[in-house]
Amino acid sequence: MARLLSAPSRSGRVTHVEHVPARQAGQAGWPEWAPDVLVSRLENQGISGLWQHQLDTAEHVRRGQNVIIATGTASGKSLAYLLPAVADVLAGGTVLYLTPTKALAADQLRAVRALRLAQVRAATFDGDTPAEERPWVRQHANYVLTNPDMLHRSMLPGHARWSSFWRRLRLVIVDECHGYRGVFGSHVAQILRRLRRVCGKYGSRPTFLLASATASDPALAGARLTGLEMAEVTTDASPRGSATFALWEPPLTDLRGENGAPIRRTATAETADLLTDLVVEGVRTLAFVRSRRAAETVALTARRNLEEISPDLPSQVAAYRAGYLSDDRRALEKSLRSGSLMGLATTNALELGVDVSGLDAVLIAGWPGTRASLWQQAGRAGRAGQDALAVLVARDDPLDTYLVHHPEALFGRPVEAIVLDPDNPYVLAPHLCAAAAEIPLTEQDLEIFGPAAPDVLDDLAGRGMLRKRTTGWFWTSRGRACDLADIRGAGGAPIQVVEAATGRLLGTVDEPSAHMTVHSGAVYVHQGETFVVDLLDLDSDVALVTAAEPDYTTYARDITDIRVAESIRMRPFGPGELHFGSVEVTQQVVSYIKRRTQTGESLGEEPLDLPPRTLHTRAVWWTLPDLALAPLMADTDGKPVDLGGAAHAAEHASIGLLPLFATCDRWDIGGVSTQLHQDTGLLTVFVYDGHDGGAGFAERGFARAVDWLSATQEAIASCECEQGCPSCIQSPKCGNGNEPLDKAGALRLLGILLGSDTRPE
Ligand SMILES: [Zn+2]
Ligand SMILES: [Zn+2]
């Protein structure tokens, strides 16, 4: 493995190597109240006691104190909740375990069943639970493992059928709660409030135990998520093997992209090559990539590379992603555990808890979005205590470029906050309807739903969604209120992806991203097979596809218009102003470009005819007055700054960097820039949340504006290209074909805004 870093056969380069030393084990023991039968079963499994952080967490729960445990991967968080949970069940109570994925629930079920305690009747309750088994779960299970979706759509609306479960509910475990961020997190926060209310009606007041990857301010995040005060446990006392962490930058190639920009070798191509090398060396490797498409491409490319070396090797590499049928998933997991599979390319579906241990190396193709995810993914390697290798391969975007050149932003600093906004009225409204449908809402209930609830209820009553009577608010429609909230943030029915020739259903794509991912002409990859979309039919929510093997991938482009509805917060910022407020965004996917898969080379643009979508959302924006811009216009040496191009370049790069501060995805946010905006009358750059009502990201950008925009300036400055490229100021989803862009102008514009402008001599 070391050879891979010291004498790479590849043209990419290591920009930084970090050695993370091993950590010795701390003291371990059992709490005195731990049931003997449970302790003996755990000791039979070779567990001799709890580490201090597990013990502290269990003790909080024992005292009825809500608690969040936020420690690293493989720190044994599951033992911290298993012990108090099983103790509660043995004492006659029930336990509800929530996880974002079915796979993790199945994993936890195995762990509980492995205790072989007859009194503990554990069962999963999710979309895979057969109808004939559900009544048994409702009536007899005392340890129910489910996900927020099932709670929202089934358990809470049908609460009466779960009455004996609610009545005895002692503990709610919310696992992997760092996954509940943005709009999805805001929905889950409201579902947990509905859960608390339903429990209250049945006379129980369960304790909440949250488990998270390391996060800054975990108690605060836990309080936002549950609406309850939280204790926090953050010191990890578990032993850990040493690890080597490398940052890897793919080379610029001779190829030219849009407007002649140099193209960096893709992270996907680079990762496929590194995976090939590792599999040849007999190193068991997991490659994390951002999209399902990339997972398929990495596996496909590595298999082709290996084919040339030996005909037995290609079968040792596969791709994995969420959305596979559970049988396919289980088969892949099994062969990875047994070692018949040496290399697996996956989206972060695996990150959320499928138990894959005994790996030697992890490749991470592109910044996974948060330091928490990075450590989570890297932590997949070296569980058995041997030295592990993790490599972060940069994609050609501003954030990845910034990170591989700024290791201090990754190592030895606190991880990010879990950003969510439960008071978003677009999120709150459907949950108030769902709550009223469950049990009519009364004045006393409102406190649970937060300060925005009274206004939202008035609005719902005004629109006839709820009926207000003297005793409270009632849901009187025949429809299911829970159908109003699409909690995965999608909005609208999912699009079904269907093979035109056979009618076979390949999968689903949520409605807002369908415009971007399965528009007519889009390349769509499923289980190693590549398809081209013949037609996206928005009336019947279907995308028809045909198997094909094009040598390009597609990127949709949109155009966007923005109107300021209200500036909620404003502060002076350098010579200009910084605002946070509500905006109306009109967005339309207008075309797509084709890029050659292996090289990223642009193959031209095709128009699309899709309807515009209107968003009512939140934005952060900055303005600069003409007076402050005068120095840029007055330049006599060389060419004057193209103000529109400078603002546009700064907008692209700042969208690229906001995820570092706001824990969002580049695709969760959008931007608009203009030399003269109709509402501000000034040069203005907007960055907005791409979800109705906002998701908290723009608000975070407002709060961290100096750090955010300074990093933006840094990222542009540290890219070695001359005129701008995808690693700095070009955006893959720019509706203007990345024109105009002015790299030097963007640096000067940001310099003026941040007070660091120096005129070039
Ligand atoms: Zn560049
Ligand atoms: Zn643009």
Legend entry - List ARG193, ARG463, ARG110, ordered by accessible area with a 1.4 Å probe, largest first: ARG463, ARG110, ARG193
Inset, instruction - Quick one: accessible surface of GLU584, probe radius 1.4 Å, all protein chains present, in square angstrom to the nearest 10. - result: 80
Legend entry - Distance from the range 81-112 to the range 131-169 (C-alpha centre basis), Å: 14
Inset, instruction - Could you tell me the accessible area of VAL89 in Å² (1.4 Å probe, neighbours in place), rounded to the nearest ten? - result: 10
Inset, instruction - Would you mind calculating the relative contact order of the chain from Cα pairs under 8 angstrom and at least 6 residues apart, reporting the percent as a whole number? - result: 12
Inset, instruction - Note down the accessible area of THR680, probe 1.4 Å, to the nearest 10 Å². - result: 40
Legend entry - Count of Lys pairs (Cα-Cα under 24 Å; at least 8 positions apart or interchain) in the chain: 7
Legend entry - Spatial separation of Cα centroids for the range 590-619 and the range 217-290, in angstrom: 26
Inset, instruction - Set the Förster distance to 30 Å, then compute FRET efficiency between ALA111 and ASP327 from the Cβ-Cβ distance, nearest 0.05. - result: 0.90
Inset, instruction - Express the accessible area of the chain per residue in Å², computed with a 1.4 Å probe while the remaining protein chains stay in the model. - result: 39
Inset, instruction - May I ask you to list the trypsin sites (Lys or Arg not before Pro) in the range 544-644 that are in a DSSP loop and have at most 14 other Cβ atoms within 10 Å of their Cβ? - result: none
Legend entry - Beta bridge orientation in the chain: antiparallel %, DSSP, nearest 5: 60
Legend entry - Charge dipole (debye, nearest 20) of the range 172-245; +1 at Cβ of Lys and Arg, -1 at Cβ of Asp and Glu: 500
Legend entry - Sorted largest first, extent of the range 61-147 alpha carbons per principal axis (Å): 38, 28, 23
Inset, instruction - Provide, as a two-decimal number, the C-alpha radius of gyration of the range 122-258 over 2.2 N^0.38 Å, N being how many residues it has. - result: 1.42
Inset, instruction - Would you mind working out the magnitude of the charge dipole of the chain relative to its Cα centre, with +1 at each Lys and Arg C-beta and -1 at each Asp and Glu C-beta, to the nearest 20 Debye? - result: 2860
Inset, instruction - Can you bin the range 653-761 into rounded, prolate or oblate? Criterion: square roots of the alpha carbon gyration tensor eigenvalues sorted a ≥ b ≥ c, rounded for a/c under 1.5, prolate for a/b above b/c, oblate for the rest. - result: rounded
Legend entry - Accessible-area ranking of GLU281, GLU308, GLU438, largest first, probe 1.4 Å: GLU308, GLU281, GLU438
Inset, instruction - Can you give me the span-like helices of the chain, meaning DSSP H runs with 24 Å or more of Cα extent along the axis and Kyte-Doolittle mean at or above -0.5? - result: 182-201, 643-662
Inset, instruction - Mind putting together the pair-distance distribution for the chain? All Cα pairs, 10 Å bins, whole percent per bin, short to long. - result: 3, 13, 23, 26, 21, 11, 3, 0, 0
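The values are calculated or read from the model by the stated rules, or taken from the named source; none is laboratory data. Please read these numbers as outputs of a predicted model, since none were measured by experiment. Cβ coordinates were reconstructed from backbone atoms using ideal geometry, including for glycine residues, and neighbour counts include every protein chain displayed. When the accessible area is computed, the model is the full protein with side chains, heavy atoms only, and any ligands, DNA or RNA have been set aside. Shrake-Rupley method; radii C 1.70, N 1.55, O 1.52, S 1.80 Å.
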